[in-house]
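For reference, the structure discussed in these notes is given below.
The values are calculated or read from the model by the stated rules, or taken from the named source; none is laboratory data. The structure displayed is predicted, hence computed values, not measured ones. Cβ sites come from the backbone with ideal geometry, for glycine too, and all protein chains shown count toward neighbours. What goes into the accessible areas is simple: the full protein's heavy atoms, side chains included, and nothing from ligands, DNA or RNA. Shrake-Rupley method; radii C 1.70, N 1.55, O 1.52, S 1.80 Å.
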Amino acid sequence: MNAIVKVENVGMTFDTKKGRFVALQNVNLQIRQGEVVSLIGHSGCGKSTLLNLIAGLTLPSSGAMICNGREIAGPGPERAVVFQNHSLLPWLTCFENVHLAVERVFGAKEGKDKLKARTNAALEMVHMSHAAQKMPHEISGGMKQRIGIARAFAMEPKILLMDEPFGALDALTRASLQDELIGVMEKTGATVVMVTHDVDEAVLLSDRVVMMTNGPAATIGEILEVKLAKPRDRLQLAHDPHFAECRAAILEFLYQKQMKKAA
Amino acid sequence: MSTATLTSGLVTVGPDTQAAPDTRDEVIAAKQEAPMAAAPLTHAPAAEPAEPAEPSTSFGERCGAFLRAVLPPLLGFAFIIGLWALVAMKSSDFPGPAKTLDAAITLFSDPFYQNGPNDQGIGWNILSSLKRVAIGFGVAALVGIPMGFIIGRFAFMNSMLEPIISILRPVSPLAWLPIGLMVFKAADPASTWTIFICSIWPMILNTAQGVQRVPQDYLNVARVLNLSEFKIITKILFPSVLPYMLTGIRLSIGTAWLVIVAAEMLTGGVGIGFWVWDEWNNLKVEHIIIAIFVIGIVGLVLEQFLLLIARRFSYGNN
Ligand SMILES: Nc1ncnc2c1ncn2[C@@H]1O[C@H](COP(=O)(O)OP(=O)(O)OP(=O)(O)O)[C@@H](O)[C@H]1O
Ligand SMILES: [Mg+2]
């Protein structure tokens, strides 16, 4: 068992106007090659903070973050990020948004035609070829999110980091994007770390669900293995006893052990 | 760096949502606090593709809408012309609308005559003013925009130059005219110099503000993709700063057009400002009134032209 990402005794402290704020403390996590891990926890517990640390967008105050045997010193294309708010560049077409990433990763080795083919393949994968020449403001929220996913997958990252990728979407769109994501993950065998606040989504998509305690000084409370065969089908899972067990375990953690104090 | 949060932050309302100030009041207000004023950051709802014409709108209704749009401005003009005629009737040396119109017709029937350096057609006068504005303004853009980028990108440069700019910005550009005369030893480049001075502040400050306001999300994209500095500038910084830059350009062309009239009155030569002064010495008040209209219309055209360009680059938000 080879861990591609190791989070060792990581703590994260923010300097705020009111003094120091300990967001994360003593976080230990190992993520295996090809594994899909989701981070779940109450709002403000530090899920995004942890994901940003893995992405390298922020550096930990204490402890070590290791990716592929090397300390994480900053962001890089081998750790692609799907941003919650899609973050497509509004002045580029959908094609150009994806192409920018493709060009950066493969531009040095491959010719123009190959880069274009990669971009088109990525758009095809999320069924967005028809909108390749549209500007981001011309497509719907779910479509933007799909382009964001295409951009991340097109980079063929070692690790894909997603921060509430479907958080802003309605239930129907979310379900169809989850199915799409299952297909894409199946095809690429990518290592995925995903933040979510949706219990069903966590069980449906992941191999392990990492449950975080409430902040401040949040840490990992429990880790749940989801032993359901892949590929998973949402309709069959509804009747699966293990699915129900996993769901119950997460709900119990969130709503009994980590009951959010009434604000 | 430490503020990089991928989610749960509000989506920054960036320059792509600039609403153009449309009413006169806003434009005037913007001019007064010209350099710092960025376009208001209201979130204009994305315009949907033109809706199919509603079949129910009858010819009468459309006529009504047209009248409602055109009638108030026409009434406004009629009112001001009536007032003007009234005042002119009571006064012996103030020309009325009819006399002014007559003078305008003779003036514009031959706008490009040349009788020596101090007696040229109104067309030449307008063109030479515009030329000065174009040169002063162009040089200001060449200097100011890169400077704005530098100030916006490097905090050190910002704290170094900010106090200087804060002191110099409120100074009337006309105060720089003597320096221009001294350095260039000629009237023409001196008035161009004042245009340069008044145009440069809005360009620097708006560009710098645009650079500082590039949404963190886009910068995070750049960091994750590990883009080269060149790509960051061309694909991320420049496009997201462009609307701010255009705001700066629009504000400075407005002030430039205000200042050129005053500068030319002081320096002489050919130009609409000097022409106004010359006609005053000739006691041709009707020409001065014509000049006021002409200056106003040219300013309006410049402003609208730049607004048009700004809309073009607002990434589908209006
Ligand atoms: N840059 C920062 N400066 C100060 N405090 C921060 C900063 N970023 C995050 N925090 C704090 O750290 C805690 C965790 O924030 P984080 O964004 O990771 O929460 P989250 O679990 O992603 O929440 P949500 O589910 O609402 O997105 C919060 O209390 C937040 O206020
Ligand atoms: Mg979050």
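Of the solvent-accessible surface of the protein assembly as shown, computed with a 1.4 Å probe over protein heavy atoms with every protein chain present, carbon and sulfur atoms account for 63 percent.
When you restrict to C-alpha pairs under 8 Å that are six or more residues apart and normalise by the size of chain A, the relative contact order lands at 25 percent. When accessible surface is computed with a 1.4 Å probe, chains B and A are found to bury approximately 2500 Å² between them, both chains counted.
The three principal axes of the Cα atoms in the range A:45-167 give end-to-end lengths of 46, 35, 23 Å, sorted in falling order. The accessible-area loss of the range A:39-71 on complex formation, taken against its chain alone with a 1.4 Å probe, reaches 10 Å² or more at A:Ser48, A:Asn52, A:Leu57, A:Thr58. Among the listed pairs A:Lys112/B:Lys235; A:Lys144/A:Lys227; A:Lys112/A:Lys158; A:Lys230/A:Lys257; A:Lys6/A:Lys109; A:Lys18/A:Lys158, those whose Cα-Cα separation exceeds 27 Å are A:Lys144/A:Lys227; A:Lys230/A:Lys257; A:Lys6/A:Lys109; A:Lys18/A:Lys158.
Heavy atoms of the protein chains alone define the surface here; on that basis the range A:135-197 has 34 Å² accessible area per residue at 1.4 Å probe size. What is the range A:127-198 by shape, rounded, prolate or oblate, if you read a ≥ b ≥ c off the alpha carbon gyration tensor as root eigenvalues and call it rounded for a/c under 1.5, prolate for a/b larger than b/c, and oblate otherwise? Here the range A:127-198 falls in the oblate category. If a/c stays under 1.5 just call it rounded; otherwise compare a/b with b/c (prolate if a/b is bigger, oblate if not). Do that for the range A:43-84, with a ≥ b ≥ c from the square roots of the Cα gyration tensor eigenvalues. Oblate, since a/c reaches 1.5 and b/c is not below a/b. Rounded to the nearest 20 debye, the dipole size of chain A about its Cα centre is 560 debye, using +1 on the Cβ of Lys and Arg and -1 on the Cβ of Asp and Glu. Panel note: contact residues of the range B:212-245 (accessible area lowered by at least 50 Å² against the chain on its own; 1.4 Å probe) correspond to B:Tyr218, B:Val221, B:Arg223, B:Val224, B:Leu225, B:Asn226, B:Lys235. Residues in the range B:239-248 carry Karplus couplings, in order, of x, 7, 8, 3, x, 5, 4, 5, 4, x Hz; the curve used is 6.51 cos²θ - 1.76 cosθ + 1.60 with θ = phi - 60°, and Gly or Pro positions show x. Seen through its C-alpha gyration tensor, with square-root eigenvalues sorted a ≥ b ≥ c, the range A:113-152 comes out prolate because a/c lies at 1.5 or above while a/b is bigger than b/c. If you wrap the tightest convex hull around every Cα atom of the protein assembly as shown and split its volume per residue, you get 241 Å³. Normalised per residue, the accessible area of the range B:108-312 is 45 Å², obtained with a 1.4 Å probe and no contribution from ligands, DNA or RNA. Annotation: amide H of A:Leu24 within the under-5 Å range of A:Met12, A:Ala217, A:Ala218, sequence separation 5 or more or interchain, hydrogens built in the peptide plane. Fraction of C-alpha pairs exceeding 16 angstrom in the range A:195-263: 47 percent, rounded to a whole number. Expressed in Å, the radius of gyration and Dmax of the Cα atoms of the range B:108-312 are 20.1, 69. About its Cα centre, the protein assembly as shown has a charge dipole of approximately 1160 debye under the convention of +1 per Lys or Arg Cβ and -1 per Asp or Glu Cβ, with nothing else charged. In sequence order, the range B:112-123 has phi-based couplings of 10, 7, 9, 10, x, x, 9, 9, 10, x, 5, x Hz under the Karplus curve 6.51 cos²θ - 1.76 cosθ + 1.60, θ = phi - 60°, and Gly or Pro positions carry x.
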